[in-house]
Each structure stands twice: as C-alpha cells, then as structure tokens.
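**Q** Following this message is one structure expressed as structure tokens.
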Amino acid sequence: MILTVHIDNRVITLAVYDGEKQRVSTSVGTDLCGTSDQYAAVLYAVLGFSGTDTDTLEGAVISSVVPSLTPVLRRAVERLCGHAPLVVGAGIKTGLNLRLDSVGTVGSDFICNAVAALQEFKPPLVVIHLTNATTFAAIDDKGVFIGRSILPGVESSLEHLCKSSAQLPDVSFDTDAALLGKNTADAIRSGILYSSLCLLEGMFNRYQQALGGQAQGIVTGTELAQILCERCAEPLLYRPQLLHDGLRLLYAKNRKNT
C-alpha cells in the first residue's frame, strides 16, 4: 500500500493505492501553522476513519505547492508510516521531456498531472487543473511539455470580487445560475459561472490551435472542476484523481531506480 499526498494552499489531498488500484481518497484542510506532530495525528485519524491501517503503508510520495509545509509533511508522513517519503522535485526521475525556461521552477502539480495524462492518453494533450489556481498545460504530439498558463482559480476570483467591493454581497458559486441575473447576487453568480465556462472553452480552443487542432482536453481538480467540465461546450474529459495517479507512477518509477 502506497500513500500519495498533495499539499495545496487550501486543502491537502490524500490517496492510498494497492498496486494500481486506488483504495482511499480523502483530504484535510491546510494549516500553515500546523506542526509535523499535529499533521501526523490528523493524517492518522483521517486515514483510520477511511479504513486504512497505516502499518500496511509500504511507502509514500508527496507533491507540494506550499514550500513552507513540505518539510513539515515530510516529517509527519515519515512518522506515520515509518518510511521517508519521496518528494517530487529536483533529482527525481519523471520521464518527462520539458521544453520550458527554468524547468526547476515548474510546480510538482504540473509534473504529476502530465505524467498521469501521458500514461492514459495519446498526445497532443491539454491538461487543465482547477483548484485555488486554474492552470493549463500543453503537451505536443511527441509527448513534450511545451508551455503552460496560470491564472486565479474560480473560487478565488469570486472571493476576491465579493471582498474587494463594499457594495457587493458575499455569494456562493451556483452551478444552476441563470445567465440573466435579476438582482446583484444573481448577477455575480451568472458572471462567475459563465465567465468560467467561456474561459475554459476559449483557452482550450487556443491551446488546441497551438497544438495543431487535435488535442485531447483533460480536466482535473475539485468537484467544481467536474461541474464546469460537464457544462463546457468543448469535449473535455474529467479525471479527478489525475494528480494522485501521477504521484503513484512517479513513486513506482523512482522505487525501481533506487
């Protein structure tokens, strides 16, 4: 059994794999002040609640976009399962060909998603990740990672809009919002839903053109990602566990080469 961990700005997601089969998918809130002992206790409780005996964990792998928490979670996971986890970053074998400037600054989430997408799909590919940020990655027909885009996430944009404008009410994302809002709250719900769909469709179209017009689009991220994917006019496929599948593949690749 292998534990995969992804540290994001708001949520830390966890998965447990038995071989290639994912047995558990769960999450905990990100606490920037949390200690390694606190995280070890929380992970132990959450995994236990999901039916995982941590004594059965043979290894672990961590992806992080919150550098300050990476060593904290590394110690917590090592204490939890008794093995030093692999951390996605400099020095690990990915098998990816990246044609980018400053390859060392590419986030581990991009790496994990690309590895998993190439395992399942034939390139060219457009990989879209919707969490606290929205990201797009282009993989050409030879499987080379050639470019990316990063922009504010849907929920982050909505939160910023409501908090930065004194006269606007706080509203939540509404998947069934009418296009023509009849009041201020509904107008905000309309704006965030349909602008997000237009963003997905427009960016995917531009990426597809840059890749020759035949790229497959893959979407991953939160439940909101699935909702937008299903409403999008473009043929996008939703893969909720893409990043964790990539972590599993990276663990297997690096374990074989150690």
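The values are calculated or read from the model by the stated rules, or taken from the named source; none is laboratory data. Everything numeric here is computed off the predicted structure, so don't read it as measured data. No Cβ is skipped: glycine too gets one built from the backbone with ideal geometry, and neighbour counts run over all protein chains shown. With ligands, DNA and RNA removed, areas are computed over all heavy atoms of the protein, side chains included. Shrake-Rupley method; radii C 1.70, N 1.55, O 1.52, S 1.80 Å.
**Q** Within the chain, which DSSP H helices have Cα atoms that stretch 27 Å or more along the helix axis and a mean Kyte-Doolittle hydropathy of at least 0.0? If you can, show how the numbers build up before the last one.
**A** On the way: long enough: 184-210 (38 Å, 0.14).
Passing helices, by number: 184-210.
**Q** Just subtract the alpha-carbon distance of A252 and R231 from 0.36 nm times their residue separation and send over the number in nm, one decimal.
**A** Roughly 4.0 nm would be gained on extension.
**Q** OK, next. Net charge near E159: determine it from the other residues with C-beta under 14 Å of the C-beta of E159, scoring Lys and Arg +1 and Asp and Glu -1. Don't skip to the answer; put the middle values down first.
**A** Numbers: positive: R10, K163, R189; negative: E155, D170.
Result for the neighbourhood of E159: +1.
**Q** On the protein heavy atoms, probe 1.4 angstrom, tell me the percent of accessible surface of the stretch 140-195 carried by carbon and sulfur. Don't skip to the answer; put the middle values down first.
**A** Details: 1770 of 3400 Å².
The value for the stretch 140-195 is 52 percent carbon and sulfur by accessible area.
**Q** Moving to a separate point now. In nm, to one decimal, how far is the S68 label point from the T184 one, both placed 7 Å along Cα→Cβ?
**A** 3.4 nm
**Q** Take the chain, mark every one of the GluC sites (Glu not before Pro) that falls in a DSSP loop and has at most 14 other Cβ within 10 Å, then report the longest stretch left between them, sites excluded.
**A** Details: sites that count: E20, E58.
By the stated rule (loop sites, at most 14 other Cβ atoms within 10 Å), 59-258.
**Q** In addition: Report, in cubic angstrom per residue, the convex hull volume of the C-alpha atoms of the chain. Before the final figure, lay out the partial values.
**A** Working: hull volume 35.9 nm³, N = 258.
Considering the Cα atoms of the chain, their hull volume per residue is 139 Å³.
**Q** Here is a further query. With a bin width of 5 angstrom, please list the P(r) values of the stretch 90-241 as percents of all Cα-Cα pairs, from the 0 bin to the one holding the largest distance.
**A** Answer for the stretch 90-241: a P(r) of 2, 9, 19, 20, 17, 12, 9, 6, 4, 1, 0 percent.
**Q** Measure off, as a whole percent, the carbon and sulfur share of the 1.4 Å-probe accessible area of the stretch 42-99, all protein chains present. Each step should come with its number before you reach the end.
**A** Values: 1560 of 3000 Å².
Its accessible area is 52 percent carbon and sulfur atoms.
**Q** Label-point separation (nm) for I146 and H160, each offset 7 Å from Cα along Cα-to-Cβ?
**A** That separation, rounded to one decimal, is 2.9 nm.
**Q** Just the number please: accessible area per residue for the stretch 1-102, 1.4 Å probe, all protein chains included, in Å². List each step's numbers first, then the result.
**A** On the way: 5180 Å² over 102 residues.
Here the per-residue accessible area is 51 Å².
**Q** Averaged per residue, what accessible area in Å² does the stretch 148-232 show with a 1.4 Å probe, protein chains only?
**A** Working: 4770 Å² over 85 residues.
Averaged over the residues of the stretch 148-232, the accessible area is 56 Å².
**Q** If the chain between T175 and E20 were fully stretched, how many nm would it gain, using 0.36 nm times the residue separation less the Cα-Cα distance?
**A** Details: separation 155, 0.36 × 155 = 55.80 nm, distance 3.32 nm.
Contour length minus Cα-Cα distance gives 52.5 nm.
**Q** Something else: In terms of modelled amide H atoms, which long-range or inter-chain residues lie less than 5 Å from the amide H of D141?
**A** Counting only residues 5 or more places away or on other chains, the set is empty.
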